[in-house]
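A short write-up of the structure that comes next.
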Amino acid sequence: MKQESGDLDTLVRKRIRGLRVAMGLSLDDLAVRCFLSPSTLSRIETGHRRIGLDQLTAIARALDTTLDQLVESADDSDVVIRPRHDAARGITRWTLKHDPAVTVAQIRLTRPAPTGTDRLKVHPGQDWFTVLSGTVELVLGDRRIMVEAGQAAEFSTMIPHAFGAHGGPAEILAILDHEGGRTHLRLPD
């Protein structure tokens, strides 16, 4: 008899099967990797058996994924990206991906880079951005570097730095580590 399962349960089962097939693994192959029998895996995938947390953990590890990725919900909040506008700082951002290690964000800059060195930030790590439109003024210590549309910049964030629009609004696609995301986007801990 098939177990009654909710939408998330069904999604988890589809993810397990989908990852297994995408990796080219048979039920026997996956069974060896996660120390379960092929029949148990088959019943898990088809909904004829409940999934225990210990089984789910072993399956996630065997599929080279995390438990979080297997059980994350599939609502529209991870598909539709809505802008967040900070008028005081002249920044509109669309956070394209956020995880504990890195943030990918599209940022619209409307204010110029600061003129005084007292407003430059320092934090551990590296920042990288590419200019989608306009020109960005990158301040690195005493240097002021113009980065135009189609160009990219990468720099150590241990150098006092800031960036802003030059000659009108600019848009960038930035990859920021955790500290960079907190510093430049003011993300909560």
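When Leu36, Leu41, Leu30 are checked against the criterion of being modelled with pLDDT of 90 or more and assigned to a loop (DSSP other than H, G, I, E, B), a single residue qualifies: Leu36.
Filtered by the rule that a residue be modelled with pLDDT of 90 or more and either under 18 Å from Arg82 (Cβ atoms) or crowded, with 16+ Cβ neighbours inside 10 Å (or both), segment 99-111 gives Arg108, Leu109, Thr110.
The values are calculated or read from the model by the stated rules, or taken from the named source; none is laboratory data. Keep in mind that this is a model prediction, so the values were computed, not measured. Glycine also receives a Cβ, built like all others from the backbone with ideal geometry; neighbour counts cover every protein chain displayed.
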